[in-house]
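The values are calculated or read from the model by the stated rules, or taken from the named source; none is laboratory data. Given the structure is predicted, the values throughout are model-derived calculations rather than measurements. The accessibility values were calculated without ligands, DNA or RNA, using every heavy atom of the protein model including side chains. Shrake-Rupley method; radii C 1.70, N 1.55, O 1.52, S 1.80 Å.
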Amino acid sequence: MKNILLLFVAIVSFSCSHAQKTAFSKEALSQTLLASDGNQVAFQDILKKHKGKTLVIEVWASWCGDCVKAMPKIKELQANNPNVAYVFISMDKTVDNWKIGIAKHELKGDHFMANDQMKGVFGKAIDLDWIPRYIIIDKTGKLVLYRAIETDFEKINTTLKELNK
């Protein structure tokens, strides 16, 4: 009986921790990210800039093999959805590596870097456990896809088609 109860608690905990959210936490919104121009920008201000547009956020790093492998897919996504805004948030350890990665992969969109990488305050605030990670926000600012990874491009494409009908 004790083992069944522990299993139940584990399943519920796992399910809740991976649940679809409809909004970012206050902690996530208040975190600042390094912009490509060297300024610190609050995450909530990045989101406000794109209010009224469908937004795809990709959390990535130049050292991440899965991120690099997914670059052609994100470019295809951009080509097929030109009216969607794109924000790239890097988990790189250095500004130099981040900027080299942007140039090397010719990433089009707004670029920011977390100040404390994946396991830092921002990463924890958005429940970051894997990169690349894709988040989709609709025109009203609601999170419609919170936990997509590089194997979820079919789901990402379908979500964008639904939002842009």
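Put simply, the amide H of Ser36, placed in the peptide plane, has neighbours under 5 Å in His111, leaving out anything fewer than 5 places away on its chain.
What is the Rg over Rh value, at two decimals, for the chain, using alpha-carbon atoms and the Kirkwood definition of Rh?
Details: Rg = 16.4 Å, Rh = 16.5 Å.
Radius of gyration over Kirkwood radius for the chain works out to 0.99.
At a threshold of 8 angstrom on Cα-Cα distance, excluding pairs fewer than six apart, so keeping six or more, what relative contact order does the chain reach in percent? Present the calculation step by step, with values, prior to reporting the outcome.
Values: 243 pairs, mean separation 46.5, N = 165.
RCO, the chain: 28 percent.
Computed from Cα atoms, the angle from the helix 153-163 axis to the main principal axis of the chain rounds to 80 degrees. Taking Cα atoms only, the orientation of helix 2-17 departs from the longest principal axis of the chain by about 20 degrees.
Extension gain for Leu29 to Lys73 (0.36 nm times residue separation, less C-alpha to C-alpha distance): 13.1 nm. Ligands, DNA and RNA left out, the 1.4 Å accessible surface of the chain is 58% carbon and sulfur atoms. From its DSSP helices (H runs of at least four residues, each -39,500 (n - 2.57)), the chain gives a residue-normalised ellipticity at 222 nm of -12500 deg cm²/dmol.
Relative to the compact-globule scaling 2.2 N^0.38 Å, provide the ratio for the alpha-carbon radius of gyration of segment 70-118. Display every interim value, and only then the final one.
Values: Rg = 11.5 Å, N = 49, 2.2 N^0.38 = 9.7 Å.
Normalised by 2.2 N^0.38 Å, the Cα Rg of segment 70-118 equals 1.19.
Compute the accessible area per residue over segment 61-165, keeping the other protein chains in place, probe 1.4 Å, unit Å². Could the numbers behind the result be given before it?
Numbers: 5240 Å² over 105 residues.
With the other protein chains kept in place, segment 61-165 gives 50 Å² per residue.
State the extension gain, in nm to one decimal, for the chain segment bounded by Gln44 and Asp96, taking 0.36 nm per residue of separation less the distance between their alpha-carbons. Intermediate results must be reported in sequence, preceding the final value.
Values: separation 52, 0.36 × 52 = 18.72 nm, distance 2.51 nm.
Gain on extension, Gln44 to Asp96, equals 16.2 nm.
Stretching the chain fully between Lys108 and Asn164 yields a gain of 18.2 nm (0.36 nm per residue, less the alpha carbon separation). Structural descriptor for segment 71-128: relative contact order 34 percent, calculated from alpha carbon pairs under 8 angstrom and at least 6 residues apart.
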